[in-house]
Amino acid sequence: MGKKKSTAKKAKPVLWQKLADHFDTDPGELPVIERMFRQYERPNLHQAVVDLAADDSELCGIVMRHEYMNPSLSKFAREGSSRDFDLGPVAHVDEELPGDRRLACVKRGLKLFLHRGKPIALLLDEERYSATPGLRLEVMAADREAAEDFLRRVETETRAGKAFRGGVLSLEGNCRGGFELQFHKLPSITRDEVILPDAVLQRIERHTVDFSTHAERLKAAGRHLKRGVLFHGPPGTGKTFSAMYLASRMPERTVFLLTGGDLGMIQQAVAMARVLQPATLILEDVDLIGTRREDQVVGANAVLFELLNQMDGLAHDADLLFILTTNRPDVLEPALASRPGRIDQAIEIPPPDADCRRRLIELYGKGLKLELQHLDDLILRIEGVSAAFIRELLRKAAVHSALESEGEIVVADRHLAAALTELMVDGGALTMSLLGAAK
């Protein structure tokens, strides 16, 4: 006798059944639209989906029968191919955000919800077998228009960059031709810590902080918001410190830091800054990309011209502030002069005058007990040195005092004299140069 055929109905694949129940129809007949996002966009993409999907949405984890399989809504929509996948735990990635924050973002998952009263299925996964891995978002809806509408809204919300807004970022190129975001926490710098002549500090603030405070009024009056300022002066005088002070004074602005090799990422940084404006771009030692033609490394001028092109291509209402620092304004002047209007203000950060040298000694002497009888003589003797030199002078004097006695560190004239000899005599011209104090 032949075997009896089983009359038991084969169970439907669980993911196919999920889609069929959600749309109340055969999911194999429904359209699917796909969009790729960059990996660094994951926190903003996650936040966009959370904000747009209904609170009563269902989130399902996906497990593949074989690891090399790529899940897709098209595969889930057919009974045969859907059997290679099953429900499982939702995979998350713990992403870093500005300000020491973190966000657990969905790495792979199927989300079912209603959007404007219409059923939507959304699948998020990573491209694992690609030279340029990214994030793949698929949207299924009852009709193509509904799927397109939801995908456009996700794109808009993702580009708004809610997760990054107001943070301090830098861009770092990777081996795949893309880049990764790094997040930073800048020190909180008060105005009293910026030791500059009053006229110089007021000029800096007027072009940056004051401008940002009244940006909306200036825009309404037809004034363009994009602006560039160049800090120039000898090494160690406080150009970068002044830029960091401005960033801390304007916490509502997203800050991009570019220095060294990162200056080659200027196009990508400006593109992100446009989205995250109001934004400030701080480009340190910009002379490294603007050396004279006979001295430059390959591509240096190309990077400088790209910077100028990016500044030129901005709309007048783009609220972007470019702060450039350089020790060598002479190598930049020809290029900047040939493209007038990109830099609106050049501000020299000079070596500290006698009053500033006195204030710097007080600033860097905080935490120490200063017992100085010949402070005026010291201030005259260190004429022409940088703020960096004075900071190191106080540090070495503190070490001399600590070696001499226990307990509270008391810095006297002899400790400063010993430290000064160590820096200016024993250290030689190279030490002076390294501290921005070469004469």
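This table checks each residue for (1) modelled with pLDDT of 90 or more; (2) surrounded by 15 or more Cβ atoms within 10 Å (Cβ to Cβ); (3) of a type outside the set (F, W, Y).
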| site | (1), (2), (3) |
| --- | --- |
| T237 | no, yes, yes |
| R253 | yes, yes, yes |
| A269 | no, yes, yes |
| R293 | no, no, yes |
| Q296 | no, yes, yes |
| N301 | no, yes, yes |
With the checklist (1) on the phi > 0 side of the Ramachandran plot; (2) without any contact (Cβ under 8 Å) to a residue 60 or more places away in the chain; (3) not acidic (D, E) in hand, flag the one item G233 doesn't pass. (2)
Among (1) in a loop (DSSP other than H, G, I, E, B); (2) more than 35 Å from the chain's Cα centre (by Cα), G80 falls short only on (1)
Let me spell it out: the conditions are (1) surrounded by fewer than 20 Cβ atoms within 10 Å (Cβ to Cβ); (2) in contact with a helix residue (DSSP H, G or I) (Cβ under 8 Å, 6 or more places away or on another chain); (3) hydrophobic (A, V, I, L, M, F, W, C); (4) closer than 25 Å to E252 by Cα, and A48 meets all of them except one. Which number is the exception? (1)
All conditions in (1) within 28 Å of the chain's Cα centre (by Cα); (2) hydrophobic (A, V, I, L, M, F, W, C); (3) more than 24 Å from R102 (Cβ to Cβ) are true of I33 except (1)
R217 passes all but one of (1) under 21 Å from the mean Cα position of the chain (by Cα); (2) assigned to a helix (DSSP H, G or I); (3) farther than 16 Å from I323 by Cα; which number fails? (1)
Would you say N70 is of a type in the set (S, T, N, Q), touching a residue at least 40 places away in the same chain (Cβ under 8 Å), part of a loop (DSSP other than H, G, I, E, B) and in contact with a strand residue (DSSP E or B) (Cβ under 9 Å, 6 or more places away or on another chain)? yes
Kindly indicate whether any position in the stretch 375-389 is in contact with an Asp or Glu (Cβ under 7 Å, 6 or more places away or on another chain), in a helix (DSSP H, G or I) and at pLDDT 90 or above. no
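The values are calculated or read from the model by the stated rules, or taken from the named source; none is laboratory data. Note that the structure is predicted; figures quoted are calculated from it, not measured. When we count neighbours, we look across all protein chains shown, and the Cβ atoms used for this are built from the backbone with ideal geometry, even at glycine.
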